[in-house]
Number of protein chains: 2
Amino acid sequence: MGVLLVVIDGLSDRPVNGKTPLSVARKPNLDRLAEMGINGIMDTIAPGIRPGSDTSHLALLGYDPYRYYSGRGPIEAAGVGIDVKPGDVAFRANFATVEGEGRLFDKTVVDRRAGRIEDTSALIKAIREKVKLPVSFFVERGTGHRAAVVFRGEGLSDRVSDTDPKAVGKKVKLCTPLDKDEKARKMAEIVNEFMQQVHEILDNHPLNKERAERGLPVANALLLRGAGEMPHIPKFEEKTGLKLCVIAATALIKGVGKIVGADVITPEGATGNKNTNLDSKISAALMALESYDVVLLHIKAPDELGHDGDFEGKKAFIEKLDAKIAPLLELDFNKNCLIVTADHSTPVRVRDHTADPVPVVIVHEDVRKDEVKTFSEFEAYKGGLCRIKGIDLLNIALDLLNISEKFGA
Amino acid sequence: MGVLLVVIDGLSDRPVNGKTPLSVARKPNLDRLAEMGINGIMDTIAPGIRPGSDTSHLALLGYDPYRYYSGRGPIEAAGVGIDVKPGDVAFRANFATVEGEGRLFDKTVVDRRAGRIEDTSALIKAIREKVKLPVSFFVERGTGHRAAVVFRGEGLSDRVSDTDPKAVGKKVKLCTPLDKDEKARKMAEIVNEFMQQVHEILDNHPLNKERAERGLPVANALLLRGAGEMPHIPKFEEKTGLKLCVIAATALIKGVGKIVGADVITPEGATGNKNTNLDSKISAALMALESYDVVLLHIKAPDELGHDGDFEGKKAFIEKLDAKIAPLLELDFNKNCLIVTADHSTPVRVRDHTADPVPVVIVHEDVRKDEVKTFSEFEAYKGGLCRIKGIDLLNIALDLLNISEKFGA
C-alpha cells in the first residue's frame, strides 16, 4: 500500500481558441479518475512562479526548492549516477571539438557536441585514470556527448564561471571566481587545471585518432557549465520514515530522486520521449507500489511536445497515455492513494514552462468526492481541493493513508 | 505592452440585506471584463488580516509588507515629495493651535488642525530656514493642515513616541524613547528640540499674527506622529527589470510608488475623492501603458464612501466609474494584461477596512476563461483563480506576458 504519484511533465496548457491538448483529448480513464477523486489546481512552486522540472519535483516530494535547490549541476550529476555528497561542487559537461595552437584556453570550439559522439566510455575511463588534481573528482557519461563532473574536497565553491562559451567559433573560456573569497579562487584554479589535463589526455587518445582518420570531429575537450554545490538535503526516508521509489528515464528527474535518497528505476524501454514504453513504466510503478510507500512515476513526453509547439502531438500522446493507465483504475483505493498531476504547464504556444497552475486529482476511497468529471485545466479548479501548492500535495496523500504524525495533542 | 493594474480602493463590501454596493450597481463594463477574464478572490495580505492601503499596495506590487513596511511616516513623507532615504526617520505632522504659558510642552492643544488652515507654504519656508538641529531635516506640506517631517543623520531611531496628544484640551506630549538604546534617546531629544524651535518660529510668524487679527486659529505648533524608519527597499526596476508607473492623487499611494522607485503621475483633475476626473486618470493610464511595463491606476473614492457608510453613494460612484472604464475593454489583450481589483474591503456598515477578500479579474488573451460573468463579491470566488494572495498577483500577470524568469531547469 502507498501513494502512487503520476507526474506528467508539462501536461497542462494555455487555451488556443479556447481549447488545450488535454481538454480536447479523448481520455476516458483520466476523466474517470477525476470522477472518482477529489480535484483541484496546483501551483507546484507558488502562483506566478515559472517552475523548472527539477524545482517542481523537489516541491512535489516535499522539499522547499528555495531551501534545497542550488542549480542543475548536482541534480544532473546524481542523475547520471555519481554519488554526490553535501559540499561537492558539480558541473554539467559536454564533450566538444576544439582547434588551434597552444594551451586549451587559446583554442576555439568548433563543435560543442563533438559530432554528437555516442559512446564516450573510453574517454571517461582515460580521464578517471590519468587526471591528477589536489582534490578528488568524479566524472560520468550522460547520454550522447553529455557528461557530469563533480569535485570533492575541503574549501570548494560553486561561485565560479562556466568554461563552455556556449557558441561555436569562440575560445574555451577560463573559469573565473565569481566571489572574492579563497574558495572560489581555488575552485576556478582546479577547474582550469582539470580542463587542461583532460584536453591533453583526450587529444592523444586512440579513440580520437581513430575518429580523425574516419573524418569525424574529435572529442578533445570537456566543457563545463552550471556549477552547483550539493546542498545538505535530508533523505526522504529519514525525513518521513517512508520508502520512496522514483521511476524515470530523464536524467534530471532521476537526479532529483537520487539526491533525496530514493531508489531510482528506469524500466526496460523507458526513454523519456514520446516513444517510451509506457506499459513497462506502468508495470514497474505497480510493482514498486508493493514494496515502497511512495512511488513517483514520471512521464516526460508531453513537456517535449509542448516545447516543440506540437498541439496535435501532445493531444495524441495524452490519448495514448490514457489508454495505458487503465490498470491504475484497478488499484485497491482502500489501501492506495493515486495522484495524477503535472510538474508545470508547457503551453504549445509558449514552447516553454509557464506558471499556469496544473490540474491535480487525488483518488482514494476516503476522499471527499466533488462534482468534477473531466480531467482538464477548465474543470479542475471547480473541485474540492480548490488551489493548493506542490509542497503540500504529498502531505495530503499521507494523511489520507493515516500514516502521518499529528502536530500537537 | 504591459500590465495595467486598476486598484479600486475599498471597493468590496459585506452584505447589507444580502446586497453590496458592487453587487447591485449597474456595471456592464466590469461585468464584461469578468466574462472576458479569469476571476477569483484575493487576500491582499493574508486571510483575516485587515489591510491598510499602504501595506496592501506594497503587497500588490510584490513587496512583502511584513518585511518592508515600517509605518505610515516614510510613505506619507515620500508621498508629499520628500526624497526619503534608507535610515531616515519620518513622521506625519499636522499644524495645530496651542495655548498657554511657558515651554511648548506646558501648552494645551485647542485645535488639532489650526482651523483647517489651507496654505502653509510660508510656515514651511520659515521652519526650513530657521530651525537649527545637529542632524539634517526635511519638512514638506501635505494637503490642508497636513505635513511630513524627516530627520536624517547617524544613529537615529523610530522607536519614539508621538508628540500629538490626538485630542483637544490635552497638553502637547514630550517625545519619549520607546527603547532603552542611545539611538531612541537621541531621536527623542532631537524631536523635542525641533518641536520647541518650530513653536517659537511659528508663534512669531507674520502669517499667524494676521490670522489672529482675522479671528482665525493660529498654526503655532507642528504635532508629530507615526515615526517610521525608511527601510532598505529594492527598487521595482532593480528587482524585476521592469518599469513601473503609479497613477494616483492620494499621498499615501503616491508614497508607496515613490519608495519602490516608480514614476508617480497625478493627472490634471485627479483629486483622490468622488469628484476626481476619471477621464483624465484613465487617459493617463492608457498613455503610461505605452512606455511602462507595469501601470498601477489607483481610484480612491469607494474607500471614502465606505468610511462614510454611504451605500448609495458607493453604488453610484461604481456606476460612474464603470462607464468611464469603457476604453479599457478596447486594449489589445494579446499584448496587454488588465487586472481590476481592490486593495481591501471597506464595508459601509463597518466604516473601516476589513479583511474580507476582494474580487479580482485578470484579462489577457491566454487566460483560462471561467464561467464567471459578473464582477462582484458573490461571484468572483467561483472563478478559475480560486483564492490568491496579493503578493502573487503581479507574478501571475508577468507570467502571462511571458516575461518572468524560470526557477530551475
Once the dipole of region A:269-409 is set up from charges on Cβ (+1 Lys and Arg, -1 Asp and Glu), the residue from the list A:Ile282, A:Gly408, A:Pro347 lying farthest towards its positive end is A:Pro347
Label points for B:Pro327 built 7 Å along Cα→Cβ; distances to same position in the other copies, nm, shortest first, come to 6.4
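Sort A:272-278, A:88-94 for me by packing, meaning the mean count of neighbouring Cβ atoms within 10 Å per residue, highest on top. The partial results should precede the final answer.
Values: A:272-278: 17.0, A:88-94: 27.4.
Averaged packing, sorted descending, gives the order A:88-94, A:272-278.
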Copies of B:Val24 compared via label points 7 Å along Cα→Cβ give distances in nm, shortest first, of 4.6
One finds, for A:Glu268 and A:Leu329 with R0 = 35 angstrom and r their Cβ-Cβ distance, a FRET efficiency to the nearest 0.05 of 0.90
Taking the label point 7 Å from Cα along the Cα-Cβ vector, the copy-to-copy distances for A:Asp308, listed from shortest in nm with one decimal, are 6.3
Region B:302-409: spread of alpha-carbon positions along the three principal axes, whole Å, largest first, is 51, 30, 23
Taking every residue of A:355-367, the Cβ atoms of other protein chains inside 10 Å of its Cβ average out to 2
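For the protein assembly as shown, what Kirkwood radius comes out of the mean inverse Cα-Cα distance, in Å? All intermediate terms of the calculation are to be shown ahead of the outcome.
On the way: mean 1/r = 0.0330 Å⁻¹.
Answer for the protein assembly as shown: a Kirkwood hydrodynamic radius of 30.3 Å.
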Which of B:Lys369/B:Lys406; A:Lys130/A:Lys171; B:Lys239/B:Lys320; A:Lys85/A:Lys320; B:Lys19/B:Lys243; A:Lys235/B:Lys243 exceed 32 Å between C-alpha atoms? The answer is B:Lys239/B:Lys320; A:Lys85/A:Lys320; B:Lys19/B:Lys243; A:Lys235/B:Lys243
In degrees, nearest 10, the alpha-carbon axis of helix A:182-203 is tilted away from the dominant principal axis of the alpha carbons of chain A by 70
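Ranked from highest to lowest mean number of other Cβ atoms within 10 Å per residue, what is the order of the peptides B:366-378, A:250-262?
On the way: B:366-378: 20.1, A:250-262: 24.0.
So the peptides B:366-378, A:250-262, ranked by packing, come out A:250-262, B:366-378.
If DNA, RNA and ligands are ignored and the probe is 1.4 Å, what is the ranking of A:Arg387, B:Arg146 by accessible area, most exposed first? Write down the numbers at each step before the final one.
On the way: A:Arg387 45, B:Arg146 110 Å².
Output order, biggest surface exposure first: B:Arg146, A:Arg387.
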Rounded to whole angstrom, the alpha-carbon centroid of region B:147-161 lies from that of region A:1-63 at a distance of 52
Expected sort for A:300-306, A:116-122, A:240-246 on mean C-beta neighbours within 10 Å, highest first, is A:300-306, A:240-246, A:116-122
When the charge dipole of region B:76-230 is computed with +1 on Lys and Arg Cβ and -1 on Asp and Glu Cβ about the Cα centre, the Cα farthest towards its positive end, among B:Leu133, B:Val149, B:Val110, belongs to B:Val110
Expected integer from the mean partner chain Cβ neighbour count at 10 Å over A:40-52 is 5
With all protein chains present and a 1.4 Å probe, the order of A:Met287, B:Met36 from largest accessible area down is A:Met287, B:Met36
Under the helix-only model (-39500 (n - 2.57) for each DSSP H run of 4 or more, divided by the residues of chain A), the mean residue ellipticity at 222 nm, to 500 deg cm²/dmol, is -9000 deg cm²/dmol
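Over region A:1-122, what percent of the accessible surface lies on carbon and sulfur atoms, probe 1.4 Å? Provide the component values of the computation, followed by the final result.
Values: 1600 of 3800 Å².
Carbon and sulfur: 42 percent of the exposed surface of region A:1-122.
For the protein assembly as shown, with only Lys/Arg (+1) and Asp/Glu (-1) charged at the beta-carbon, what is the dipole magnitude about the Cα centre, in debye rounded to 20?
With Lys and Arg at +1 and Asp and Glu at -1, about 960 debye.
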Mean per-residue count of partner chain Cβ within 10 Å for B:391-400 equals 5
Listed residues B:Ala96, B:Ala227, B:Ala126; largest mean-square fluctuation, Gaussian network over chain B with Cα springs below 10 Å, found at B:Ala126
To the nearest Å², the heavy-atom accessible area per residue of region A:21-161 with 1.4 Å probe amounts to 37
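When a/c reaches 1.5 or more, the comparison of a/b and b/c decides; with that in mind, is region B:76-230 rounded, prolate or oblate per its Cα gyration tensor?
Numbers: a/c = 1.87, a/b = 1.44, b/c = 1.30.
Taking the square roots of the gyration eigenvalues as a ≥ b ≥ c, region B:76-230 is prolate.
Quote the charge dipole size of region B:1-132 about the Cα centre in Debye, to the nearest 20; the model charges only the Cβ of Lys and Arg (+1) and of Asp and Glu (-1).
On the way: 19 positive and 17 negative charges, 25 e Å.
About 120 debye.
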Under the 7 Å Cα-to-Cβ spin-label approximation, A:Lys320 and B:Ile124 lie apart by a distance in nanometres of 7.1
Averaged per residue, the 1.4 Å probe accessible area of region B:163-309, protein heavy atoms only, in Å², is roughly 44
The helix B:390-400 Cα axis meets the longest alpha-carbon principal axis of chain B at an angle in degrees, between 0 and 90 and rounded to 10, of 40
Among A:Leu385, B:Pro234, A:Gly81, the residue whose Cα sits farthest towards the positive end of the charge dipole of the protein assembly as shown (+1 at Cβ of Lys and Arg, -1 at Cβ of Asp and Glu, taken about the Cα centre) is B:Pro234
The size of the Cβ-based charge dipole (Lys, Arg +1; Asp, Glu -1) of region B:1-70 about the Cα centre, to the nearest 20 debye, is 220
Nearest 10, in degrees from 0 to 90: the angle of helix B:278-288 to the longest Cα principal axis of chain B is 80
Rounded to the nearest 5, the percent of DSSP beta bridges in chain A running antiparallel is 60
Label model pair B:Asp64, A:Asp352: point-to-point distance (7 angstrom along the Cα→beta-carbon line) in nm is 2.6
Two pseudo-spin positions, 7 Å from Cα along C-beta at B:Glu99 and at A:Asn204, lie apart in nanometres by 10.3
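The values are calculated or read from the model by the stated rules, or taken from the named source; none is laboratory data. Just so it is clear, the structure is predicted and the values come from calculations on it, not from any experiment. In this analysis, Cβ positions are derived from the backbone assuming ideal geometry, glycine residues included, and neighbour counts consider all displayed protein chains. Protein only, heavy atoms only, side chains kept; ligands, DNA and RNA dropped before computing areas. Shrake-Rupley method; radii C 1.70, N 1.55, O 1.52, S 1.80 Å.
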